[in-house]
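Report on the structure given below.
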Amino acid sequence: MDTEASPFESSEMVASFLASTPLLSEAWQLCSVANTAAAAPYGGFVPLQIGDVGYFAFSSNGIMTSSPSSSSEEEYSRFSRNLVALGGAGHDLFSPLTNNNEEEEAVMVHEGLLNLFLRCFQAVQNQMVEVTKNSRSIVITGHSIGGTTASLCALWLLSYLQSVSSSLSVLCITFGSPLLGNESLSRAILRERWGGNFCHVVSKYDIMPRLLFAPLASCTTQLHLLLQHWTAPQFGNLAAHLQEASEAGEEGATSNPSCCIEDHLKYGEYVGKFCSQFLNKRSFMQGELPQSSWDAGVALALQSLGISGQESASEPAKECLKIARRLGRTPNLKSADLAVRLSRITPYRAEIEWYKGSCDKSDEKLGYYDAFKLRGSSKRGDKVNMNRHKLAAFWNGVIEMLDKNELPHDFHRRSKWVNASQFYMLLVEPLEIAEYYRSNMHRRKGHYLKHGRERRFDIFDRWWREKRVNEEKNSKRIKFAGLTQDSCFWAKVEEARDCVAKVRSESDARKQDSLRDSINNFVMYADRLVERKEVSEDVVAKNSSYKKLLEELTELRSAVHPFWTATQFPCLRGGEVVP
């Protein structure tokens with residue numbers, strides 16, 4: 001499991017802390033208020049301000065004010081069980097959670113539960129904006145279905161606060177809440193270090209947290225009625241059908257229907273007993289008080305493990321906690337070590353920059369990309385190729401550390417690393433493309449963009465897109481860029497040249513039109529880059545692959561397809577680039 005930021009972060013620790021405060025009992029009292037008919041005017045939730053703490057309690061029955069579109073029990077059950085991608089269905093309200101690795105399964109949530117939240121979102125957002133103005137903390141709570149809505153509300157609020165860099169603290173407490181989504185959702189929450197913002201209280205035999213994920217065949221008719229009556233306007237109807245399922249005596253999600261129904265409705269009693277028992281067992285309240293917050297944290301951590309401060313095992317446990325604390329700082333230490341290693345590989349990058357400059361000024365007029373692609377056996381070319389491999393090894397190591405959660409959770413948002421990875425990509429990826437086509441890998445595997453691009457470049461692209469910067473638009477360039485701003489430009493040139501070659505031999509008119517459209521789209525795109533001077537000088541070098549492409553197009557237009565006019569290719573004027 002991902003390591004949380006706090007050295008004591010664990011489910012037991014959060015539960016122990018909450019049990020030592022009035023928060024659990026207060027949260028349940030608010031849930032009880034929200035579950036009454038009086039909550040209806042608020043659209044299924046109750047906002048409350050107490051001092052500098054804002055509270056939001058979501059009703060388990062008042063959120064849905066209308067029945068599902070289908071009256072069919074089977075269709076409604078399927079609707080409740082369908083998983084949808086949070087990125088698409090969530091209307092970009094949860095962007096930090098949806099920017100997951102493309103190689104992983106998408107973050108998914110239950111469609112019905114997400115729709116419940118979206119239905120009341122506008123009212124929640126308006127109230128939340130007002131409450132947060134005078135609050136330092138927000139507590140969001142809910143029982144049953146209201147718990148899933150509370151969880152989604154907390155995830156939205158955490159996403160929003162992250163986007164505006166707010167320090168407002170958020171805590172979500174739910175009681176008997178159904179499971180919300182897939183494992184990717186859990187991993188995304190841990191990745192953002194939001195695990196400590198949630199406390200889900202679930203009694204041993206409560207059926208509700210398990211119901212949506214139970215096989216349909218194991219659900220009784222009465223439990224199907226329970227699914228339908230989540231839309232009931234009064235909690236009494238829900239309780240009646242729970243009781244009906246209990247009296248039926250049929251086996252559902254647990255072996256004791258009576259216990260599972262009872263447990264779902266008696267959280268108030270359980271919370272009160274639990275808090276009282278915990279306070280009575282607090283050993284350090286009966287002995288010496290902790291001298292510091294560290295000592296208090298150690299004492300609570302030991303209690304959560306069931307170890308008394310007087311036991312012989314307490315000292316070794318304390319040593320383990322100290323080690324855990326040091327490990328909690330490891331991501332930042334590794335990030336600092338990476339910064340040192342980055343400075344050590346800077347000379348490799350500098351040598352490649354020098355090589356680029358010498359190629360661009362060469363009498364051969366090939367430019368950076370083509371000079372490396374057509375290089376012979378030389379110490380200079382071999383040195384640059386070796387540096388390319390060394391830089392790739394460094395950045396692959398960075399990606400591997402991120403995959404293992406060994407770096408700070410916001411590493412990919414830090415400007416130092418976003419900018420460094422972007423510069424590396426613009427400088428070195430043209431060499432990767434050149435080597436790919438030089439070794440004819442495109443003939444064995446296919447073109448670079450679909451079959452040869454390394455994963456690290458896709459990740460760096462995503463980092464750059466996600467970077468939040470408030471900069472004025474750059475003024476128009478007066479000279480060509482130092483590096484072409486599209487690191488895959490040369491791969492697109494190679495594909496366009498391949499299309500030109502295929503047009504010469506293609507007899508199918510439809511395929512010819514498709515190839516012509518592909519060529520046309522690229523040439524228009526390249527023309528815009530050249531016009532804005534967002535390409536390096538090597539692109540417009542006399543003997544570059546790009547200039548050869550334009551010459552081939554001019555020859556093809558006159559010899560094979562005279563109807564391909566200069567209007568269709570505005571950047572072509574006798575094979576010359578018109579900026």
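The values are calculated or read from the model by the stated rules, or taken from the named source; none is laboratory data. Values in this document were obtained by computation on a predicted structure and should not be read as measured data. All Cβ positions, glycine included, derive from the backbone under ideal geometry; neighbour counts span all protein chains shown. Ligands, DNA and RNA are stripped out before the accessible areas are found, and what is left, the full protein with its side chains, is counted by its heavy atoms. Shrake-Rupley method; radii C 1.70, N 1.55, O 1.52, S 1.80 Å.
General remarks:
- Arg414 accessible area, assembled protein chains, probe 1.4 Å, Å²: 80
- Protein-only accessible surface at a 1.4 angstrom probe places the residues Leu48, Leu529, Leu118 in the order Leu48, Leu118, Leu529, largest first.
- Accessible-area ranking of Lys467, Lys390, Lys273, Lys547, largest first, probe 1.4 Å: Lys273, Lys390, Lys467, Lys547
- Shown are Met524, Met128, whose ranking by accessible area with a 1.4 Å probe and every protein chain present, most to least, is Met524, Met128.
- Residues of type lysines that Lys318 reaches as a straight line, Cα spacing below 27 Å, ignoring anything fewer than 8 places off in the same chain: Lys281, Lys334, Lys404
- For His91, solvent-accessible area (1.4 Å; no DNA, RNA or ligand), Å²: 130
- Accessible area (Å², 1.4 Å probe, nearest 10) - Glu400: 100
- Distance between the modelled labels on Lys266 and Glu353, one decimal in nanometres: 7.2 nm (7 Å Cα→Cβ projection).
- Distance violations [Cα-Cα > 23 Å] among Lys204/Lys273; Lys373/Lys542; Lys361/Lys548; Lys373/Lys450; Lys379/Lys416: Lys379/Lys416
- Residue-span extension gain [Glu406 to Ser95] - 0.36 nm each, minus C-alpha spacing: 109.7 nm
- Pairwise FRET efficiency - Thr21 versus Ser377, Cβ, R0 = 60 Å, nearest 0.05: 0.25
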